[in-house]
Every structure is written in C-alpha cells, then in structure tokens.
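S.K.: Okay, here's the structure, questions in a sec.
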Amino acid sequence: MSDLQDDLARAAGEELELACALGWAQLSTLTPWGDTYEGFTPAGRTVCFERSYLWEGGQGADIRVEVTVYEPKSYESGVRLNRSIRRETV
C-alpha cells in the first residue's frame, strides 16, 4: 500500500470509529443521512470525509455506516470503509 493509501486508510478508520460511536437507537433518528466535509489525515493531508448512514433492508433494520476519505480532486482514489450497526433488541 502506498503512503497516500495508508494515510487515507488510517483517516477512514478513525472516522468510521467516530461515525459508529452512537448506538442504533440514536442513529435511527438520523437515518438515512450523510454529509461531506474537509479535514486532515494523520499525516496532515487535506482531504474530504464523506459519511453516510443507510438502512440495510428497509427502515428500522440494521444501519450501514459508510465512510469515504479522498483527496479533493481524486474521489476514485479514495478509501471507503463500512460497518453495520445491528438493531438493538429490547
């Protein structure tokens, strides 16, 4: 993996952890939702962070969290990670 890809992957991993910090109950009130903002990677590169919360299998199901980190003019070269947040059973 190149230094750039490693840096993007580290930034995406950190962002995914932050994106999943809230539980299903809190995120269910926001889903579906997404945003994009500029920030910095661990190595100090200026990048775009794109975060999305999507239903997996319909409203009220598990929530898929997608994070993409890319240089502003290179979306195709970015790193995309995702994780599911299981619906909580009460």
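S.K.: Towards the positive end of the charge dipole of the chain, with charges on Cβ (+1 Lys, Arg; -1 Asp, Glu), say which of 69, 28, 42 has the farthest Cα.
M.R.: Value: 28.
S.K.: If you don't mind, another one. Tilt of helix 3-19 relative to the longest C-alpha principal axis of the chain, in degrees (0 to 90, nearest 10)?
M.R.: The angle comes out near 20 degrees.
S.K.: Treating only the Cβ of Lys, Arg, Asp and Glu as charged (+1, +1, -1, -1), what charge dipole size does the chain show about its Cα centre? Round to the nearest 20 debye.
M.R.: In total the dipole reaches around 240 debye.
S.K.: Let me ask something additional. Amide H of residue 87: which non-local residues (sequence gap of 5 or more, or other chain) have their own amide H closer than 5 Å, using H built in the peptide plane?
M.R.: For residue 87, the qualifying residues are 62, 63.
S.K.: Considering all projection directions equally, how large on average is the shadow of the alpha-carbon convex hull of segment 3-85, in square nanometres?
M.R.: 5.2 nm²
S.K.: Using θ = phi - 60° and the Karplus form 6.51 cos²θ - 1.76 cosθ + 1.60, what ³J(HN,Hα) does each residue of segment 46-60 get, whole Hz, x for Gly and Pro?
M.R.: Those phi angles translate into 7, 9, 9, 10, 10, 10, 9, 10, 10, 6, 9, x, x, 4, x Hz.
S.K.: While we're here: Given an 8 Å cut-off on Cα distances and at least 6 residues of separation, report the relative contact order of segment 16-73 as a percent.
M.R.: Relative contact order for segment 16-73 comes out at 33 percent.
Laboratory data are not the source of any read-out in this text; all were calculated from the coordinates shown. These figures come from a predicted structure and were not determined experimentally. Positions of Cβ are backbone-derived with ideal geometry, glycine not excepted, and every protein chain shown enters the neighbour counts.
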